[in-house]
Amino acid sequence: VYTGEMYEYRKQHDKDNKPLIEAAFVSGDIKPEAEPIVGKDVTEEIRKKARELGFGEVGFTKYDRRYTYKSKKGWVKYEHAICLALEQDYWQTQTIPSMQAEFAHFGTYEEEGAYALELAEFIRSLGYGAQVHSPNDNSAAYIPMFVEAGLGQLGANGQLLSPHFGSRARLMIISTDAEVTYDEPVDYGIHKFCEQCQVCVNRCPGRALVKEKVWWRGAEKHKLMYDRCRPVMATYEGCGVCMLVCPIQRYGMPSVMEHFVETGDILGKGTHNLEGFEIRGKGYFGPDELPSFDRGFFDFPHGTKDEWLFDQFKKKLEERGSASEDDAKEFADELAEILTEKTGYDAGL
């Protein structure tokens with residue numbers, strides 16, 4: 001579904017990012033470089049170093065294994081989570097959906113992946129283990145841990161709304177056995193604000209966000225309808241309109257919350273400045289305007305990448321009765337790429 005430009009960019013990004021993912025995958029196996037000072041709390045040393053590297057949000061909490069993905073259940077080594085958020089470029093973000101915004105999106109992942117490897121080295125120099133959870137090979141659903149670490153709250157758009165840059169952040173974690181003190185959750189008033197705001201819900205091009213919260217997997221939240229979201233994301237440069245139109249992302253939490261408390265109104269709501277966006281090939285959409293899609297647009301592949309690949313290969317065999325050498329090679333190459341992405345190891349077949 002990608003445009004040619006987007007496909008080539010993602011291909012290059014994956015190539016550039018591969019060494020970072022591989023280094024992160026084995027980072028937990030590297031031994032500390034020194035003996036720790038027994039009884040010394042190193043929380044603030046790590047926080048200071050993380051901020052020097054460029055991370056805007058840094059928090060400490062327990063690594064909550066309830067949120068670990070099935071594929072990473074046996075991989076996570078340490079009990080403490082260092083939650084790290086790196087801000088993506090403000091002005092590029094305001095061009096969502098666009099290639100410029102995607103450059104900011106994926107470029108930020110590349111930057112923080114490298115910063116985290118450096119931070120892990122620093123933690124080892126203090127005498128402790130450090131396991132980097134690559135932002136491009138996530139081990140878990142991270143937002144609940146960021147909330148526990150006091151770094152924000154879950155917004156109606158399904159993203160972490162942080163006090164410093166709203167949802168304009170890319171999240172990752174380093175787990176460690178270092179002696180650290182956990183931060184506490186903070187009620188920033190996001191839940192009450194989102195109940196009244198609803199701009200992201202109303203402006204979603206795919207109508208994928210819902211107004212009312214539901215209980216889902218043990219949490220009360222605004223549930224994203226994946227089948228309505230993913231086709232738009234894949235077709236239109238990652239979409240991200242829900243990030244773009246969030247007042248907290250656009251204007252900053254202090255300004256938005258002060259305005260909300262003083263007036264009861266949502267800063268920017270109903271204006272072109274906040275709610276306007278343009279979609280390639282469909283034009284500009286201001287307040288109360290949304291694009292339309294034909295019914296087949298949302299007929300999208302389900303399952304994992306390898307399941308989809310096998311399904312497509314099976315259909316090709318059924319249609320043709322056999323597979324050529326070129327078909328078989330193409331299938332093997334694509335499968336190897338998927339397995340490499342999933343495992344972190346080169347799975348050349």
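Any read-out appearing in this document is the output of simple, stated calculations on the displayed coordinates, not a laboratory observation. Only a predicted model underlies this, so the values are computations on that prediction, with no experimental measurement involved. Cβ coordinates were reconstructed from backbone atoms using ideal geometry, including for glycine residues, and neighbour counts include every protein chain displayed.
Quick one: of LYS223/LYS269; LYS48/LYS77; LYS282/LYS315; LYS282/LYS314; LYS221/LYS282; LYS31/LYS73, which pairs are farther than 29 Å apart, Cα to Cα?
LYS282/LYS315; LYS282/LYS314; LYS221/LYS282
Rounded to the nearest 20 debye, what is the charge dipole size of the chain about its Cα centre when +1 sits on each Lys and Arg Cβ and -1 on each Asp and Glu Cβ?
940
Out of GLN312, GLN92, GLN12, any idea which swings most in a Gaussian network model of the chain, alpha carbons joined below 10 Å?
The residue that fluctuates most here is GLN312.
When the chain is treated as a GNM, springs tying every alpha-carbon pair under 10 Å, which of ASP137, ASP29, ASP327 comes out with the largest mean-square fluctuation?
ASP327
Read phi for every residue in the range 265-271 and hand back ³J(HN,Hα) as whole Hz from Karplus 6.51 cos²θ - 1.76 cosθ + 1.60, θ = phi - 60°, with x for Gly and Pro.
The phi angles translate into 9, 9, 4, x, 4, x, 9 Hz.
Near the amide H of HIS80, under 5 Å away, which other amide H atoms are found, from residues 5 or more places off or on another chain, if H is placed in the peptide plane?
Placed amide hydrogens put TYR63, THR176 under 5 Å from HIS80.
Could you give the length gained by full extension between THR271 and GLU184, i.e. 0.36 nm per residue of separation minus their alpha carbon distance, to one decimal place?
Gain in length upon complete extension: 27.7 nm.
Search the structure for amide H atoms under 5 Å from the amide H of ALA140, placed 1.01 Å from N in the peptide plane, and list their residues when 5 or more places away or on another chain.
It is TYR69, by chain and number.
Which of the trypsin sites (Lys or Arg not before Pro) across the range 200-237 are loop residues per DSSP, with 11 or fewer other Cβ within 10 Å?
LYS211, ARG217
Would you please give the FRET efficiency between ALA234 and ILE37, computed as 1/(1 + (r/R0)^6) with r the Cβ-Cβ distance and R0 = 41 Å, to the nearest 0.05?
So the FRET efficiency works out to roughly 0.25.
Pick out, in residue order, every one of the trypsin sites (Lys or Arg not before Pro) in the range 72-176 that is DSSP loop and has at most 11 other C-beta atoms within 10 Å; say none if there are none.
Here the trypsin sites (Lys or Arg not before Pro) that fit, given the DSSP loop and packing criteria, are LYS73.
Full-extension gain between ASP326 and MET225, please, as 0.36 nm times their residue separation minus the C-alpha to C-alpha distance.
32.6 nm
What list of ³J(HN,Hα) values in whole Hz, one per residue of the range 129-145 in order, does the Karplus curve 6.51 cos²θ - 1.76 cosθ + 1.60 (θ = phi - 60°) give from phi, with Gly and Pro shown as x?
x, 8, 10, 7, 9, 4, x, 9, 8, 4, 9, 6, 7, 7, 4, x, 6
Taking springs between alpha-carbon atoms closer than 10 angstrom, which of THR108, THR304, THR93 fluctuates most in the Gaussian network model of the chain?
The residue that fluctuates most here is THR304.
Give me HIS164, HIS222 ranked fewest to most by other Cβ atoms within 10 Å of their Cβ, as a rough exposure proxy.
HIS164, HIS222
Sorted from fewest to most neighbouring beta carbons within 10 Å, what does the list VAL261, VAL241 look like?
VAL261, VAL241
Report ³J(HN,Hα) in whole Hz for each residue of the range 7-18, in order, from the Karplus equation J = 6.51 cos²θ - 1.76 cosθ + 1.60 where θ = phi - 60°; Gly and Pro get x.
For the range 7-18, the Karplus curve yields 4, 5, 5, 4, 4, 5, 4, 4, 5, 5, 7, 3 Hz.
Given H placed on each backbone N at 1.01 Å, which residues far from GLY166 in sequence or on other chains put an amide H within less than 5 Å of it?
Placed amide hydrogens put MET253 under 5 Å from GLY166.
Among (i) 56; (ii) 43; (iii) 49, find the value of percent of Cα pairs over 28 Å apart that was calculated from the structure presented, and write down its label.
Read-out from the structure maps to (iii).
I need the calculated FRET efficiency for the pair VAL26 and GLU52, taking r as the beta carbon distance and R₀ as 25 Å, to the nearest 0.05.
With R0 = 25 Å, the Cβ-Cβ based efficiency is 0.50.
Per DSSP H run of n ≥ 4, the term is -39500 (n - 2.57); total these for the chain, divide by its residue number, and report the mean residue ellipticity at 222 nm rounded to 500 deg cm²/dmol.
Theoretical 222 nm ellipticity from helices: -13000 deg cm²/dmol.
By how many nm would the segment from GLU79 to LYS18 grow when fully extended, if each residue of separation counts as 0.36 nm and the alpha-carbon distance is taken off?
Result for the pair: 19.3 nm of gain on full extension.
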